[in-house]
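Since the structure comes first, as structure tokens, the remarks are kept for the end.
The values are calculated or read from the model by the stated rules, or taken from the named source; none is laboratory data. The model shown is predicted, which means the values in this text are computed figures rather than measured ones. Methodologically, a virtual Cβ is constructed for each residue, glycine included, from the backbone with ideal geometry; neighbour enumeration extends over all protein chains shown.
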Amino acid sequence: MKNIRVANGQGFWGDCIEAPAKLIKYGKIDYLTLDYLAEVTMSIMQRQKKKDPENGGYATDFVALVDSNINEIINNNIKIIANAGGVNPYACKRELMKISKKHNIDLKIAIVEGDDIYNDLHNLIKDNHKFKNIDTNENISSILNKIYSANVYIDSFSVAKALSLGADIVLCGRISDPGLVVAPCIYEFGWEKDNFNMLASATVAGHIIECGAQCTGGNFTKWKDLKDMDNIGYPIAQIREDGTFDITKPENTGGLVNKFTVSEQILYELGDPKKYISPDVCVDFTSFNLEETSKDVVTVTGVKGDMPTDTYKVSISYFDGFKSSGQLTISGPDALLKAKKSAEIIWKKLENIGLVFDKTSTEFLGLSSCHKSIAKTPNIINEVVLRIGVKSQNKNIVERFTKELAPLITAGPPGITGFAGGRPKVKEVVAYWPALIDKKVIQTKVIL
Amino acid sequence: MKKLSDIAYARSGDKGANVNVGVVFISKDYYDKAISKLTSSFVKSYFGTMVKGDVIRYELPNLNALNFMLYDSLEGGGSETLINDAQGKTFGQAILMMEIDIDD
């Protein structure tokens, strides 16, 4: 039976930079998928594009990756599907064309457009599209003048079309993460829109490998059993024409693939398992079976899917004020008491000058900051990190806050250090607004 | 009494201002025994102040797994919150410290 090997070499922008190169060289793969976009990434890119409309707004790491591996990509006949285009796939393509020319290699680069609805948003709202927040049910009017980005999670058939036109590299903006894996299956196996079980199966494969090493031993409960974590293998899904697939990793790499590394990742960021909604299909995560069929190979069979919804998910980001967090290390006798005193002094000083914040936090890292009452209190706390933060719509008072940490070293209790990095930075808060839109109004297009 | 860490695996992550925690049991036998003990209300009270909202449980018998949605657990969503574990990455390790009343 026909099958393809699809790998994921990047679970997020900032993931291991060697991973895609190793998959290209040693993975014996047909397709390499790369996921650079988190919800917040789009807003960062939209702002880069505003500053520099010609050149800003895409994942620059991707260009460097192609530059260093272009010969192996071509020699090993690997197609790449990446959401590296961000909000400016044209600029990304332009840079890739320069590289193609430099190496004298003819690269066919397709752009899938139609996900970025930022410029159409106000017209869509005028046309009575509501964009209600699907988590909170709030009305979009409350954030209308502070939106940074708006992107639709487009379906995988648009990406498959780019492959059918002969693209070596498909640059997408916002596509569903598993869609990076579903698209080559649609193209290679000729699946139709109503092959729900097969689409669902490839979606599960995509979900398993979309976070890179998280299915091959990364972030794994039994981490002590793992070997060669410094050379952890990134995942490969070997998918067959009937939809069944194996999860594995390249030979001679570290980490582990077994039922539990895969199951942990299946549950990652999962909601109702019977209603996993992608743009292509609704998947039942309680329908399938896992089997360890060989060393570092888990086979998945029996995935069931159903008709997709008539809406796409829209990811909107908006400006929501400013925040800052800083920390001090407090050592020696009575470390915790001194840390508590230090926090009290900082808050009192800010109160004395009349500053009120929308939100504040005081954490003692090293002492139950993550697990609260679940964690057992140790007998001796010999040092602790005070982490303290504020949020406000008023940038000036957040800046004022950042100036209150360092003085504690000379004007607070003894034994405080760890301030070498200077004052904490003030960051813009970019909040996330998930919404839905009628599929009929979204038009995707492939540009080759 | 059994420590959950002896009979299960766990992983957590964020979904907006909420956290999901997946628990995978090492065998069907433990899954069957745990299912009457590891209820939504038990998990809600276990997490105490870490979880401000409701807890909803989903069953995945095909994986011998339970998935818990812990609503309102991050003091705001991923980029708004001020807490160190902004994405709920550590909740999985927290649930594994649980002891549950089951035998072999």
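Within region A:345-360, the presence of a residue that is within 14 Å of chain B (Cβ to nearest Cβ), among the aliphatic types (A, V, I, L, M) and not in a helix (DSSP H, G or I) is excluded. Per the listing A:Asn3, A:Asn69, A:Asn8, the residue uniquely crowded, with 23+ Cβ neighbours inside 10 Å, polar (S, T, N, Q), over 25 Å from A:Tyr148 (Cα atoms) and modelled with pLDDT of 95 or more is A:Asn8.
Inspect region A:301-320 for any residue being closer than 15 Å to A:Leu199 by Cα, within 11 Å of chain B (Cβ to nearest Cβ), crowded, with 22+ Cβ neighbours inside 10 Å and modelled with pLDDT of 95 or more and give the result as yes or no. The answer is yes, given that some residue of region A:301-320 is closer than 15 Å to A:Leu199 by Cα, within 11 Å of chain B (Cβ to nearest Cβ), crowded, with 22+ Cβ neighbours inside 10 Å and modelled with pLDDT of 95 or more. Counting only strands (runs of 3 or more DSSP E) that fall entirely inside region A:106-217 and contain at least 1 residues that are closer than 20 Å to A:Asp30 by Cα and of a type outside the set (S, T, N, Q), the qualifying elements are A:109-113, A:169-172. Checking A:Lys427 against (1) within 30 Å of A:Ile147 (Cα to Cα); (2) basic (Lys, Arg); (3) modelled with pLDDT of 95 or more: exactly one of these is not met. Which one? In the conditions (1) within 30 Å of A:Ile147 (Cα to Cα); (2) basic (Lys, Arg); (3) modelled with pLDDT of 95 or more, A:Lys427 misses (3) alone.
Does B:Gly48 qualify as being at the interface with chain A (Cβ under 7 Å from one of its Cβ atoms), of a type in the set (Gly, Ala, Ser) and touching a Gly at 6+ places or on another chain (Cβ under 7 Å)? No, not satisfied. Which is crowded, with 19+ Cβ neighbours inside 10 Å, over 25 Å from A:Asp284 (Cα atoms) and of a type in the set (Gly, Ala, Ser), of B:Ser79, B:Ser12, B:Ser45, B:Ser5? Unique residue meeting the criteria: B:Ser79.
For region A:220-243, name all the residues that are crowded, with 20+ Cβ neighbours inside 10 Å and either part of a loop (DSSP other than H, G, I, E, B) or outside the structural domain of A:Ala183 (by TED's automatic domain parsing) (or both). Once the filter is applied, which keeps residues that are crowded, with 20+ Cβ neighbours inside 10 Å and either part of a loop (DSSP other than H, G, I, E, B) or outside the structural domain of A:Ala183 (by TED's automatic domain parsing) (or both), region A:220-243 yields A:Phe220, A:Gly233, A:Tyr234, A:Pro235, A:Gly243.
Pairs are defined by a Cβ separation below 6 Å, a sequence spacing of at least 6 or placement on different chains, a first member in region B:60-84 that is facing chain A (nearest Cβ under 7 Å) and under 22 Å from A:Glu428 (Cα atoms), and a second member that is crowded, with 20+ Cβ neighbours inside 10 Å and of a type in the set (Phe, Trp, Tyr); the pairs so defined are B:Gly77/A:Tyr432. For region B:1-95, no helices (runs of 4 or more DSSP H) sit wholly inside it while including 1 or more residues that are of a type in the set (Asp, Glu), out of contact with any His (no Cβ under 7 Å at 6 or more places or on another chain) and under 19 Å from A:Tyr432 (Cβ atoms). Looking at region A:420-435, is at least one residue in a helix (DSSP H, G or I) and loosely packed, with under 15 Cβ neighbours inside 10 Å? No, because not a single residue in region A:420-435 is in a helix (DSSP H, G or I) and loosely packed, with under 15 Cβ neighbours inside 10 Å. For region B:95-102, the criterion of being in contact (Cβ under 8 Å) with a residue 24 or more places away in the chain, more than 12 Å from chain A (Cβ to nearest Cβ) and within 26 Å of A:Asn258 (Cβ to Cβ) is satisfied by at least one residue. Being surrounded by 17 or more Cβ atoms within 10 Å (Cβ to Cβ), more than 14 Å from chain B (Cβ to nearest Cβ) and charged (D, E, K, R) is a condition met by at least one residue of region A:264-282. Taking the criterion of being surrounded by 21 or more Cβ atoms within 10 Å (Cβ to Cβ) and either over 15 Å from A:Val181 (Cβ atoms) or in contact with a Phe, Trp or Tyr (Cβ under 9 Å, 6 or more places away or on another chain) (or both), the residues of region A:154-167 that qualify are A:Ile154, A:Asp155, A:Val159, A:Ala160, A:Ala162, A:Ala167.
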